[in-house]
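Colleague: Take a look at this one; I'll ask things after.
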Ligand code: GDP
């Protein structure tokens, strides 16, 4: 039996050590590992029962401090107690800058980390967002093969990470806080387009009434913009006390049911296509960066542009011409 066969079997049996090793493998960007990762994933895929229930994939986002880890701890515990197996993954492009992962850290979810029906994985700590997304979506497949039927993908409200996560889950949950003043201003516009469910968190103690009012206001505004049918549900919850957490989950389940089996399959298929292109764009950018000919013209072009002697459009043409002439390129059109 090869090492990969071994891993496939270990993952299918839900063995933690195998799951961890498999995820480490799919996170690796080494070319040799990539080939093994492909072998692993196709092994896991072919071992899947043909009519396996689709897992529930949920993205959870919100600014640092909104209470994501507290909420996931509360939700995850409820889910495992009701018989689910819960995997938690993180997408955190900022970890690249800090050099360490800030999300998915086990110490932030101590109960869930100790729960035998849950598996928490910190964000891969390096790489482009595309690379991290590739690792995360493959880690999701590993978890699903290991019979984790709920996968929560956590991300911070930074840059493109939310869009990336929304592109790999069935339902996108956005956690926010009650803020005085205009609710819509407190939230980036783009996120409202992505969110399927919005929860005003920390609705406890003194803040409960304020949170409820905020949720009503936001819900009303969204219904006006999107219409009653298409507006995301807006509810309140407290990850700390657990109040409303079941309701949030119910809204997630409702959203999935609203999609229906065909709608969900179609959504996932489109996500695959978009993701394929995102990976291509990511890889092209890497190749552009690594290209020898581009490196050779780069500093000259930079100088000229900074001195105002080369317009941006021409600079771009020069860089692209250098790239098309790249080391690994075959003869281009017209070359004989
Ligand atoms: P994250 O950065 O989004 O993961 O936020 P955390 O879960 O780490 O929470 C940030 C802070 O808010 C911590 O001090 C938590 O104790 C607190 N917190 C989290 N959830 C709640 C909540 O539901 N109610 C209240 N009052 N505080 C909370």
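Colleague: Hey, what does the equivalent ellipsoid look like for the chain, semi-axes from the Cα gyration tensor as sqrt of 5 times each eigenvalue, largest first, whole Å? Mind showing how you got there, number by number?
Modeller: Details: eigenvalues 283, 162, 66 Å².
Equivalent ellipsoid semi-axes, largest first: 38, 28, 18 Å.
Colleague: Say we join alpha carbon atoms closer than 10 Å with springs in a Gaussian network model of the chain; which of 73, 39, 154 then has the biggest fluctuation?
Modeller: Highest fluctuation among the options: 39.
Colleague: Report, to the nearest 10°, how far helix 31-46 tilts away from the longest principal axis of the Cα atoms in the chain, using its own Cα long axis and a range of 0 to 90°.
Modeller: For 31-46 against the chain, the angle is about 40 degrees.
Colleague: I'd like the orientation of helix 3-12 relative to the chain: the angle between its Cα long axis and the longest Cα principal axis, in ° from 0 to 90, rounded to 10.
Modeller: That helix lies at roughly 20 degrees to the long axis.
Colleague: When the chain is fully extended, how far beyond the present Cα-Cα distance does residue 312 get from residue 223, taking 0.36 nm per residue of separation?
Modeller: Values: separation 89, 0.36 × 89 = 32.04 nm, distance 4.36 nm.
Fully extending the segment from residue 312 to residue 223 adds 27.7 nm.
Colleague: Full-extension gain between residue 147 and residue 17, please, as 0.36 nm times their residue separation minus the C-alpha to C-alpha distance.
Modeller: Working: separation 130, 0.36 × 130 = 46.80 nm, distance 1.46 nm.
Additional length available on full extension: 45.3 nm.
Colleague: Another one. In nm, to one decimal, how far is the modelled label at residue 107 from the one at residue 2, with both set 7 Å along Cα→Cβ?
Modeller: Result: 4.0 nm between the two label points.
Colleague: Along Cα→Cβ, 7 Å out, is where each label goes; now give me the distance between the ones at residue 250 and residue 63 in nm to one decimal.
Modeller: 3.0 nm
Colleague: Roughly what angle does helix 129-145 make with the longest principal axis of the chain, taking Cα atoms, 0 to 90 degrees, to the nearest 10?
Modeller: It is inclined by approximately 50 degrees.
Colleague: Separate question: For the chain, with a Gaussian network of springs between Cα atoms less than 10 Å apart, report the residue from 107, 128, 171 with the top mean-square fluctuation.
Modeller: Looking only at 107, 128, 171, the biggest GNM fluctuation is shown by 107.
Colleague: Using the basic label-point model (7 angstrom from Cα toward the beta carbon), what is the residue 325 to residue 268 distance in nanometres?
Modeller: Here the modelled spin labels are 4.8 nm apart.
Colleague: Would you mind getting me the FRET efficiency between residue 45 and residue 206? Use the beta-carbon distance for r and R0 = 41 Å, nearest 0.05. Spell out each step's value before the answer.
Modeller: Working: r = 51 Å, r/R0 = 1.24.
Working from the Cβ atoms, E equals 0.20.
Colleague: Additional query: Nearest 0.05, what FRET efficiency do residue 30 and residue 302 give at R0 = 35 Å with Cβ-Cβ as r?
Modeller: 0.65
Values quoted throughout were computed directly from the atomic coordinates according to the rules given, and no laboratory measurement underlies them. Bear in mind that the values here come from a model prediction, so they are computed numbers and not experimental data. Glycine gets a Cβ as well: all are built from the backbone with ideal geometry, and neighbour counts include every protein chain shown.
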